[in-house]
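Please treat every number below as a calculation from the coordinates, not as lab data. Because the structure is a prediction, the values reported are computed rather than measured. Note that we place each Cβ from the backbone using ideal geometry, even for glycine, and neighbour counts take in every protein chain shown.
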């Protein structure tokens, strides 16, 4: 019998290029910012101010969610494969509860992209409090949060702002690489 892993899949900056639209909201259409400019998790807070930057990230979804592009080529096909390899595939995203319409906008985006998943969860606290076998995420602090959990694996979606992460993680650049790691984990569970 196959032992498939429970997978936690992040949305912002893992599945979706949220910052691209957020930069336009803050700077206008002629800005020159890109993901490569984000030097640290706090960079946007310092560059634009905490309220401005965070509001642009959340309002990217509520005002212009249909303009947010996926990070992955063929996200529908890739998540369908990931879904088939998992006993449970949840899209888990962090944002404040008080942002009206953000959950609906994110779920609408997932549906429009044909993203396969079991559950959608939004939370204000850390994803590490949930019991997943594999986390696919870009958040730098998640490696430290999972460091003492020898039953979970972090597939860290590589960005300039998380390159200094020390801790137990495997870097990935695509959902295809995540799929390869999930397949390998099934082989480990079955042996």
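Is it possible to state the helix-based mean residue ellipticity at 222 nm for the chain, with each DSSP H run of 4+ residues giving -39500 (n - 2.57), the sum divided by total residues, to the nearest 500 deg cm²/dmol? What is it? Spell out each step's value before the answer.
Working: 7 runs with 76 residues, N = 191.
Roughly -12000 deg cm²/dmol at 222 nm, from the helical runs in the chain.
[x] 174; [y] 132; [z] 111: which one is volume of the Cα convex hull per residue in Å³ as calculated from this entry? Answer label, from the structure shown: [z].
What share of the DSSP beta bridges in the chain is antiparallel, in percent to the nearest 5? Roughly 5 percent of the beta bridges in the chain run antiparallel, per DSSP.
Compared with the rule-of-thumb size 2.2 N^0.38 Å for a compact globular protein, the range 18-67 has a Cα radius of gyration ratio of 1.03.
Extending 7 Å from the Cα toward the beta-carbon at both residue 141 and residue 94 defines two label points whose distance is 0.5 nm.
Subtracting the Cα-Cα distance from 0.36 nm times the residue separation, let me have the gained length for residue 87 to residue 73 in nm, one decimal.
Computed gain between residue 87 and residue 73 is 2.7 nm.
Could you pull out which residues in the range 68-88 have an amide N less than 18 Å from a spot 7 Å beyond the Cα of residue 118, following the Cα-Cβ vector? Within reach of a label on residue 118, which here means backbone N under 18 Å from a point 7 Å along Cα→Cβ, the range 68-88 contributes 79-88.
Relative to the longest principal axis of the Cα atoms of the chain, the long axis of helix 18-27 makes an angle of roughly 10 degrees. Rank 172, 99, 136 by mean-square fluctuation in a GNM of the chain with C-alpha springs under 10 angstrom and give only the top-ranked residue. Result for the chain, Cα springs under 10 Å: 99 fluctuates most.
Between the beta carbons of residue 126 and residue 80, assuming R0 = 45 Å, the FRET efficiency works out to 0.95 to the nearest 0.05. Relative to the longest principal axis of the Cα atoms of the chain, the long axis of helix 102-113 lies at roughly 60 degrees.
So how do 181, 159 line up by other beta-carbon neighbours within 10 Å, fewest first?
With the fewest neighbours first, 181, 159 line up as 181, 159.
Against the main long axis of the alpha-carbon atoms of the chain, helix 75-85 sits at an angle near 30°.
Between residue 108 and residue 40, what FRET efficiency follows from the Cβ-Cβ distance if R0 is 35 Å, with the result rounded to 0.05? Walk me through the intermediate numbers first.
Numbers: r = 31 Å, r/R0 = 0.87.
Approximately 0.70, to the nearest 0.05.
Over the range 92-191, the pair-distance histogram of Cα-Cα distances with 5 Å bins from zero comes to 2, 11, 19, 20, 23, 15, 7, 2, 0, 0 percent, rounded to whole numbers. Take each peptide in 31-43, 145-157, count the other Cβ atoms within 10 Å of every residue, and average; sorted highest first, the result is 145-157, 31-43.
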